[in-house]
Amino acid sequence: MTPKLLPDPNLSFYNRNSEQLAQQYDSKPFTEVHQSWSHHLADLFVALAAHYSANSSTNLLATQANAITYSQQLQILDIGAGTGRDAKYLAELGNAQQQVTVYAVEPATELAAIGKQHTKDLAVIWLEDTLPELKQVTATDIKFDLILLSAVWMHIPSAERLTALTQLSQLLAPQGKLIITLRHGPSGDERIMHSVSIQELALLSHQLGLSIIDSISAETDKLGRTEVSWETVVIQFSAASTVKSAVQFDTSSLRTSEQAK
């Protein structure tokens, strides 16, 4: 998956290798790639409520599934949608009780072309847009119930992350959830990737009235790259947070290093 603000080497790589990347991405289903945090979808999607209610020991929110008032229409934003694997899965969760519309943002036109074919019969709207501004998405004037950035954040330079997160917060519905995956490890090719940390994201979130309500660390790479690992962060507006993060973040050293730049 790719971000919305891409340096030329990245954009060229994703377009030039679109077919090979499509095979890689689509070899792993959404349920495997995002298994570690997918229980957070139980309070959004009617289609998942029964499953997570039956397996409620995995998540506090799931135990409350029967008490949740579900929206009849969900608006989902998938930034760096790639070949549409995640957008397709999320759109297919729509049913007679709940309409689901996914806005898939992908700047690599060759990847997006594949994604459009994969999702052509679904309620998926494709946009060629860029972080940090996301001008096309902003123009829709939609507040999204779920925003997903899978394998995107490491492409965004540190100096642009506050602007990017500010824009994302303005697109997030009051009770919405923002999911960001953090990639750790070398690029391995010509793509430009920047270092990321949950501490930095916690500090930026705090400045914007957001809270990290869950984090999953030391996730192995689903494509088998031993030098790559992942973290996943679930973010909500602080007033909407119903689950307190068990992780305490020491941001003092980060603040000092940022001031020294």
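Laboratory data are not the source of any read-out in this text; all were calculated from the coordinates shown. For clarity, every value in this text was computed on a predicted model and none was experimentally measured. So basically every Cβ, Gly included, is an ideal-geometry build from the backbone, and we count neighbours across all protein chains shown.
Between residue 128 and residue 194, the contour length at 0.36 nm per residue exceeds the alpha carbon distance by 21.5 nm.
Counting beta carbons within 10 Å around each of 135, 177 and listing the fewest first gives the order 135, 177. Legend: ranking of residues 131, 162, 210 from fewest to most surrounding C-beta atoms inside 10 Å; resulting order 162, 210, 131.
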